[in-house]
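Student: One structure follows; several queries about it will come next.
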Ligand code: DC
């Protein structure tokens, strides 16, 4: 069996299936799910509420260090609390998609969030950590590293369905453009850009079901485990 304390890192672009897979994997293994994208979204929301200048790096860094963020993992799916307030739904908007991507390129923001993510992982001991730089920067020694991808068309289709299900009215082509822009922004930033770690297992989920991806990951984990 797995010994105490380990990280399973799951990185990849928007719509590749990271959140669904990470949540279900954590549940299956009975360990904690750490959604680091939600943390950058919380920073974006807090900065917007305070009307902050998005170029005020020092101010944004200070804001990050003052945020009282907490994942309530007793709920399924987990809820994200900012102080006493449940912000889980508020951070899932197209505006927060883009603003989170923007603030996440700032050094001061990344430093504060990286520290907080490591602390959360230390406290939880066993985590599935999902994001863009889990395997490359935040947890370079993660026991297992996966990078999920899918074609742009498939990722756009998945996000489009999610948004329609939430009652939004949006065109699939608009969703595709937004995802493309966000990917470019996340891949081309100088700090912790979106890319697979050298030792990550890359899984293209374009033609795979959620169960198939989970199976693939579980196989990798048990193979490494017994070898
Ligand atoms: O995974 P997500 O779509 O909720 O992430 C929102 C944004 O946050 C994403 O566009 C880039 C940023 N992010 C990041 O820079 N590093 C992470 N580990 C997770 C997310």
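Please treat every number below as a calculation from the coordinates, not as lab data. None of the values given here were measured: they were computed from a predicted structure. FYI the Cβ positions are ideal-geometry reconstructions off the backbone, even for glycines, and counts take in every protein chain you see.
Student: Starting from the Cα-Cα distance between residue 210 and residue 141, subtract it from 0.36 nm times their residue separation and give me the gain in nm to one decimal. Walk me through the numbers before you get to the answer.
Tutor: Values: separation 69, 0.36 × 69 = 24.84 nm, distance 2.63 nm.
Difference between extended and current length: 22.2 nm.
Student: Could I ask something else about it? Would you work out the Kirkwood radius for region 52-155? I mean one over the mean of 1/r across all pairs of different Cα atoms, in Å. Before the final figure, lay out each step's value.
Tutor: Working: mean 1/r = 0.0643 Å⁻¹.
It works out to 15.5 Å.
Student: Treat each spin label as a single point 7 Å out from the Cα along the C-beta direction, and report the residue 190 to residue 62 distance in nm.
Tutor: Those two pseudo-labels are separated by 2.4 nm.
Student: Could you give the distance between the Cα centres of region 1-50 and region 148-227, to the whole Å?
Tutor: 13
Student: Please report the base-10 log of the normalised intensity I(q)/I(0) for region 98-186, using a Debye sum with one equal scatterer per alpha carbon and no solvent, at each q in 0.13, 0.22 (1/Å).
Tutor: At q = 0.13, 0.22 Å⁻¹ the computed log10 ratios are -0.59, -1.11.
Student: Would you mind telling me the antiparallel percentage of the DSSP bridges in the chain, rounded to 5? Don't jump to the answer; show the numbers that get you there.
Tutor: On the way: 6 of 24 bridges.
Here the share of antiparallel DSSP bridges comes out near 25 percent.
Student: Follow-up. For the pair residue 122 and residue 20, what calculated FRET efficiency results from E = 1/(1 + (r/R0)^6), where r is the Cβ-Cβ distance and R0 = 25 Å, to the nearest 0.05? Walk me through the numbers on the way to the answer.
Tutor: Details: r = 26 Å, r/R0 = 1.03.
Here the calculated transfer efficiency is 0.45.
Student: I would also like to ask the following. Report the residues of region 101-135 in range of a label on residue 53: point 7 Å along Cα→C-beta, backbone N strictly under 18 Å from it.
Tutor: Inside the label zone: 103, 106-109.
Student: Still on this structure, I have one more. Would you mind pulling out the separation of the Cα centroids of region 111-146 and region 71-109, in Å?
Tutor: Rounded to whole Å, the Cα centres lie 17 Å apart.
Student: In Å, the Kirkwood hydrodynamic radius of region 180-227 over pairs of distinct alpha carbons?
Tutor: Working: mean 1/r = 0.0766 Å⁻¹.
When all Cα pairs of region 180-227 are included, the Kirkwood radius is 13.1 Å.
Student: Please give, to one decimal in nm, the separation of the simple spin-label points placed at residue 76 and residue 27, each 7 Å out from Cα toward the Cβ.
Tutor: Spacing of the two 7 Å Cα→Cβ label points: 0.5 nm.
Student: Just need the relative contact order of the chain here, percent rounded to a whole number, with Cα pairs under 8 Å and 6+ apart. Spell out each step's value before the answer.
Tutor: Working: 334 pairs, mean separation 75.1, N = 227.
Relative CO of the chain lands at 33 percent.
Student: Another one. How many percent of all Cα-Cα pairs in region 71-227 sit more than 24 Å apart? Please report the intermediate quantities before stating the final value.
Tutor: Numbers: 5387 of 12246 pairs.
Of all Cα-Cα pairs in region 71-227, 44 percent lie more than 24 Å apart.
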